[in-house]
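In what follows, a structure is listed as structure tokens, so that the remarks can point back to it.
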Amino acid sequence: MTNLEALKAEIEPYSATDNMYTKRLIDAGLSEDDEYESVNRKVLAKCAIDILLSFLSLSSESLGPTSQTYDKTGLEDRISAICLENGFDSSLYTSRPSVKVYHNLF
């Protein structure tokens, strides 16, 4: 799996333009064609969050024969889930408070 494929998988079920994926990866210092490595998980997660954030201001869009409708709550849910999985504070990206998970409390 390449970095580009990993980024696309991270934002599923949403999709973006190839230019948007490429720009985010380049800005993060990653090549889209390089093999995905788990060491870059948080970098790719931040790229995905940035892409999903750009959809929050839209209600829908059409790209050629396909169209997407955006639900702000659903987008914020996905952004919060990515934050939780990667240890980010979701309140920096959404209007929701951040949730922290503590393991091995007992």
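The values are calculated or read from the model by the stated rules, or taken from the named source; none is laboratory data. Model, not experiment: these values are computed from the prediction. Glycine gets a Cβ as well: all are built from the backbone with ideal geometry, and neighbour counts include every protein chain shown. Heads up: the accessible areas ignore ligands, DNA and RNA and are worked out on the full protein's heavy atoms, side chains in. Shrake-Rupley method; radii C 1.70, N 1.55, O 1.52, S 1.80 Å.
Here are a few things to note about the model shown:
- None of Leu75, Leu30 is modelled with pLDDT of 85 or more, open to solvent by less than 90 Å² (accessible area, probe 1.4 Å) and either touching a Gly at 6+ places or on another chain (Cβ under 9 Å) or not in a loop (DSSP other than H, G, I, E, B) (or both) except Leu75.
- Selection within segment 79-106 - modelled with pLDDT under 90 and part of a helix (DSSP H, G or I): Ser90, Ser91, Leu92
- Restricting segment 1-20 to residues that are over 10 Å from the mean Cα position of the chain (by Cα) and in a helix (DSSP H, G or I), the residue that is nearest to Ser80 (Cα to Cα): Ala6
- Being open to solvent by less than 30 Å² (accessible area, probe 1.4 Å), closer than 20 Å to Glu76 by Cα and either touching a helix residue (DSSP H, G or I) at 6+ places or on another chain (Cβ under 9 Å) or among the aromatic types (Phe, Trp, Tyr) (or both) is a property that holds for Leu7.
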